[in-house]
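Accompanying notes for the structure given below.
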Amino acid sequence: MTYCKLLAAHSYNQVQAKTEFEDFTQADKRSLYGDQLGSMSFLEGLSIVDEPKIIIVDIGAAYTKCGLAGETGPRCIIASQVRNPRTKEVDNIWNYSNTSELYESLKELVYALIFKHLLVTPKDRRVVVVESLLCPSEFRETLARVLFKQFEVGSVLFASSHLLSLLTLGTNTGLVMDIGFKETLVVPIYEGIPIMKGWQSLPVAGKAIESRIKTQLMEHGTVSTSEQKFEAVSSVPESITDDVIEDIKVRCCFVTDFSRGQQIQEVTMRGGHANKLPPPPPDIDYPLDGGSILNVSGRIREHSCEVLFEQDNEEISIATLLLEALVKCPIDTRRVLSSSVVIIGGTAMMPGFYHRLNCELIELLRKPHYANQLGVKQFRFYRPPTKENYTAWLGGALTGALETLPSKSLSRDAYLQRGKLPDWCCVDSDDLCEEKRHKL
Amino acid sequence: MATYADLELVKYLCCCKKKFSVCRLYLCKYCLQLRCTDCTQHEVDTPYCPHCLENMPSGEAKLKKNRCSNCFDCPVCGHTLVTRSTSHTSPSPDDPTKTIAKKMYYMACGFCRWTTRDVGLPDQSVASGSWPILQNPHEQRISSLLENYKIMAQIEKAEHERKKYVSRRSHLYRQDKYGGSAAGLRRKGMSTFSSMSSTESKVPGELEPSVTVDSFEPLPNEYFTEPAALVKTTKLAHRHSVPEFQPTEISKLHPIHKHLLMRKSLRCKECEHNVSKADFNPSSIKFKIQLTAQHHVPEIRILTPSTFTMNKETIVTLTLSNPSVFGMTVSLHPIEDESDTDYCSAKVELPKKELLLAGRDEPSMQMYDDSSQADEFKDDPKVIVFRKGNKIGFVVKVTPVVNEGDVKIQFMMKHEFRNTTAAALQSESKEPEIVWLEHKVYMNLGPIAKKDPNVSQA
């Protein structure tokens, strides 16, 4: 709540600054900036050559996107995994038991990004870290420690993925839904200010689909080898690795259409008779390593993604998140927000996802609960000029290429002096950035 | 026995209080301190292509996004593609009755048999360099966004600068009203030129936001009726190898320019001197600067395994080898303030006398006669078990004080070091200065024998 007020105060200041600025006549403005702009853009061409490019990194729950500022796509998308020095096994960096373990694994990951993929010298370079609003403090603090102390970077800007993704659209208002691996997070953003009152999240995303596939395979899946046909998967659980599950998700599964989805949920959720199920799509023979064949049934292919749209006991699914977020927003922002939905995150790349989500939303809007509260008939969606899984990264790449970056970043000196990071949930951290400090 | 060659058994303490085996450490000649990989600054030296082994200047590598322009990887399996040539006959343009043979080139993977023809890429008439480059379909939109944001950022920055200026010299502005001051004149001059500035027309706000859609295509019917064509669909790794395109069909995969590797140089974080710098030529395995600790610090190893029992003195033979070409004196001391409780599971009696080591002399290493050398150094046979070239075997007496687990000991090793840095040479009569270096050494000698009554007296 305090944060909202703060933001409101902040935006008010901005508005004031703007009106002050408007007071100048057009001629004044020209005289002030016109020539400056001209000379700056002339110098710009020269400076691109030797100015070291800024590193943009987005460490996701499953995949890490990394590249350089001003480019149209990341240089690499690699799994957020490193070999754990203690257990000697490759493990996701988010599975850490304490911060010193996280420090070691982040060091490994950043090292691989910088010296294997980007091939740049990190010392005194600027870095933009794309992060989720829900990123744990200990994670970002450890990341800052790795970047500043281990790699001695010049400055770091932690930027919210939801805000950044709006930059790729040339707008500053949007209802942004990030559906990645671990969770789905909806944040409404109005005129560049996140409405924190309206954020909604649900721990259902790509990972939930994968665990649904796994349980279904364990229950009904069969493996055929040259010796034995149709052996239950549960008797050879080691053959179903996480990589296999992920590959099944990517290559076999899809988000089914609305009417079929309703029929499926009627049977699986509310105990309807199995003969009401729509005819399932054909099975797939999925080759496993070692010559055995895994039978992936049509049901698994079609039913697994239903986990996204099944309403739980509190009647929450990823579609209701958008509506709930809208309900929480001030009434005069709702119309604009509902006509500017932005979807980011890799799970949105599942075939059929958008169509289904749109159908779900239209259906939910007809329900009296939402029809009474929201005067919205339909949603409109933005299509960012990227693939969904790196939209936020691209926003970071755009920010990183701007001249204002230094004034918004946390410099190494400031970090070493104060030893802490600016954080949106922390009121006194505002003066950490260079721009603010100059004012003081 | 393989465990006694294990690198992790004998560790040296780095200046950052972490323990590493000697081959993982560097010795900074200027700080005279051991440095591990964390205490060194890594820098990109020269990028090169791992296939054609050609250096690429870092400026060019930057432009080409760290990819070799001539070598390609298979988009399916990642193996390096080879160029194949075929002859292609086509009717001659001059005389339609004759045909002329022309060499055409395509690329094939020697591992998974993928070829550029599989995805419908036409054969090329030159062997390399003419393969089409994919363009990001959104490139224009993104660059127009970027242009616009850059202008906005400039205005924001200018506004910021101006505010500082105004607050400092507000009186100048007051004078301007009457058109007297030089600053005011300059500003007027600006305004006449600014109308010609090209960027002037691009005021912020011109940027069109992206279009929104309210309906999406439903899934094609094949999803419900046809089995998914696994062989035609790409895996996630295929998609991520080309982040900007992420094709879902195998038929849309294009050959990928090979990613460059780089030679790295290491710098001491304290004094910023290089501790490791590779030769410029990528095919050379030599170094220009190589200050790995193994070349300067005597290495201690365990010669043979011993059986330990609690509170029983055991003789352990260790070897010590001198990596430098000069003779070296080494002395071992206990560590007084044993802060590391992990490494004091035994009491250790170290040789009292200094240990003398012969220099490393590669050509004559095989010709030393043990006995003559022992005489030369007047070795005490109770301490020095053998002597061979630059290496000696010496004994320490170890008494474990725990009844289970590994026997771990620690001690301080002092050794001579000839400082041959330029600074040290200049100071005194061009003779290398000899300094004493101290390193803390931590050893794991192996587990304590299990008290098994059947075998105990064997």
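Hey, among A:91, A:58, which residue is more than 10 Å from chain B (Cβ to nearest Cβ), surrounded by 19 or more Cβ atoms within 10 Å (Cβ to Cβ) and part of a strand (DSSP E or B)? Checking each option against the conditions leaves just A:58. I need the full set of residues from the range A:40-55 which are within 12 Å of chain B (Cβ to nearest Cβ) and at pLDDT 80 or above, in order please. Of everything in the range A:40-55, those that are within 12 Å of chain B (Cβ to nearest Cβ) and at pLDDT 80 or above turn out to be A:52, A:53.
For the range B:100-121, give me each residue that is surrounded by 12 or more Cβ atoms within 10 Å (Cβ to Cβ) and either in a strand (DSSP E or B) or in contact with a helix residue (DSSP H, G or I) (Cβ under 7 Å, 6 or more places away or on another chain) (or both). B:100, B:102, B:103, B:104, B:105, B:106, B:107, B:108, B:109, B:115, B:119 - these are the residues of the range B:100-121 that are surrounded by 12 or more Cβ atoms within 10 Å (Cβ to Cβ) and either in a strand (DSSP E or B) or in contact with a helix residue (DSSP H, G or I) (Cβ under 7 Å, 6 or more places away or on another chain) (or both).
Exactly one of these conditions fails for residue B:72: (1) touching a residue at least 60 places away in the same chain (Cβ under 8 Å); (2) within 14 Å of another protein chain (Cβ to nearest Cβ); (3) within 21 Å of residue B:247 (Cβ to Cβ). Give me its number. For residue B:72, the failing item is (2). One residue stands out in the range A:140-189 among those that are more than 11 Å from chain B (Cβ to nearest Cβ) and of a type in the set (Lys, Arg): the one that is farthest from residue A:55 (Cα to Cα), namely A:182. Selection of the range A:250-282 for residues being touching a residue at least 24 places away in the same chain (Cβ under 8 Å) and closer than 11 Å to residue A:306 by Cα yields A:253, A:254, A:255, A:256, A:257, A:258, A:260, A:261, A:264, A:265, A:268, A:269.
When you scan the range B:54-63, do you find a residue that is within 14 Å of chain A (Cβ to nearest Cβ) and under 30 Å from residue B:297 (Cα atoms), even just one?
If we filter the range B:54-63 for residues that are within 14 Å of chain A (Cβ to nearest Cβ), which is where we start, we get B:55-63.
Among the residues that remain, those that are also under 30 Å from residue B:297 (Cα atoms) are: none.
No, the range B:54-63 contains no residue that is within 14 Å of chain A (Cβ to nearest Cβ) and under 30 Å from residue B:297 (Cα atoms).
For the range B:341-350, the criterion of being among the aromatic types (Phe, Trp, Tyr) and either out of contact with any Asp or Glu (no Cβ under 9 Å at 6 or more places or on another chain) or in a loop (DSSP other than H, G, I, E, B) (or both) is met by at least one residue. Residues of the range A:241-263 that are within 22 Å of residue A:359 (Cα to Cα), not in a helix (DSSP H, G or I) and not aromatic (Phe, Trp, Tyr): A:253, A:255, A:256, A:257.
The set of residues in the range B:85-113 that are modelled with pLDDT of 85 or more and either of a type in the set (Val, Ile, Thr) or under 19 Å from residue B:67 (Cβ atoms) (or both) comprises B:86, B:107, B:109.
Residue-level check: of (1) within 12 Å of chain B (Cβ to nearest Cβ); (2) within 25 Å of residue A:360 (Cα to Cα); (3) surrounded by 12 or more Cβ atoms within 10 Å (Cβ to Cβ); (4) not small (Gly, Ala, Ser), residue A:310 misses just (1). The lone criterion from (1) crowded, with 23+ Cβ neighbours inside 10 Å; (2) over 17 Å from the mean Cα position of the chain (by Cα); (3) charged (D, E, K, R) left unmet by residue A:335 is number (1). Within this structure, residue A:266 fails the test of being part of a loop (DSSP other than H, G, I, E, B) and surrounded by fewer than 17 Cβ atoms within 10 Å (Cβ to Cβ).
Listed here are the residues, each with its yes/no results for (1) part of a helix (DSSP H, G or I); (2) facing another protein chain (nearest Cβ under 10 Å); (3) under 20 Å from residue A:258 (Cβ atoms).
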| site | (1), (2), (3) |
| --- | --- |
| A:321 | yes, no, yes |
| A:327 | yes, no, no |
| A:333 | yes, no, no |
| A:342 | no, yes, no |
| A:371 | yes, no, yes |
| A:375 | no, no, no |
| A:386 | no, yes, no |
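Would you call residue B:149 in contact with a Leu (Cβ under 8 Å, 6 or more places away or on another chain), surrounded by 12 or more Cβ atoms within 10 Å (Cβ to Cβ), within 8 Å of another protein chain (Cβ to nearest Cβ) and modelled with pLDDT of 75 or more?
On the way: in contact with a Leu (Cβ under 8 Å, 6 or more places away or on another chain): yes; surrounded by 12 or more Cβ atoms within 10 Å (Cβ to Cβ): yes; within 8 Å of another protein chain (Cβ to nearest Cβ): yes; modelled with pLDDT of 75 or more: yes.
Yes: the conditions hold for residue B:149.
When you look at residue A:191, is it free of Cβ contacts under 8 Å to residues at least 40 places away in the same chain and out of contact with any Leu (no Cβ under 6 Å at 6 or more places or on another chain), yes or no? No; evaluated as a whole, the condition is false for this residue. Within the range A:285-305, can one find any residue that is within 11 Å of another protein chain (Cβ to nearest Cβ), closer than 22 Å to residue A:357 by Cβ, out of contact with any strand residue (DSSP E or B) (no Cβ under 7 Å at 6 or more places or on another chain) and hydroxyl-bearing (Ser, Thr, Tyr)? There is no residue in the range A:285-305 that is within 11 Å of another protein chain (Cβ to nearest Cβ), closer than 22 Å to residue A:357 by Cβ, out of contact with any strand residue (DSSP E or B) (no Cβ under 7 Å at 6 or more places or on another chain) and hydroxyl-bearing (Ser, Thr, Tyr). Residue A:259: of a type in the set (Ser, Thr, Tyr), more than 29 Å from residue A:182 (Cβ to Cβ) and over 31 Å from the mean Cα position of the chain (by Cα), yes or no? Considered against the rule, which asks whether it is of a type in the set (Ser, Thr, Tyr), more than 29 Å from residue A:182 (Cβ to Cβ) and over 31 Å from the mean Cα position of the chain (by Cα), residue A:259 comes out as no. When the range B:117-135 is filtered for residues that are within 14 Å of chain A (Cβ to nearest Cβ) and either touching a Gly at 6+ places or on another chain (Cβ under 6 Å) or of a type in the set (Val, Ile, Thr) (or both), only B:133 remains.
Residues are listed down the side, and each one gets a yes or a no for (1) among the aliphatic types (A, V, I, L, M); (2) closer than 30 Å to residue A:397 by Cα; (3) without any contact (Cβ under 8 Å) to a residue 24 or more places away in the chain:
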| position | (1), (2), (3) |
| --- | --- |
| B:44 | yes, yes, no |
| B:52 | no, no, yes |
| B:62 | no, yes, yes |
| B:110 | no, no, no |
| B:123 | no, no, no |
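The values are calculated or read from the model by the stated rules, or taken from the named source; none is laboratory data. These numbers were taken from a predicted model, which means no experiment stands behind them. Neighbour counts run over all protein chains shown; Cβ positions are idealised from the backbone, glycine included.
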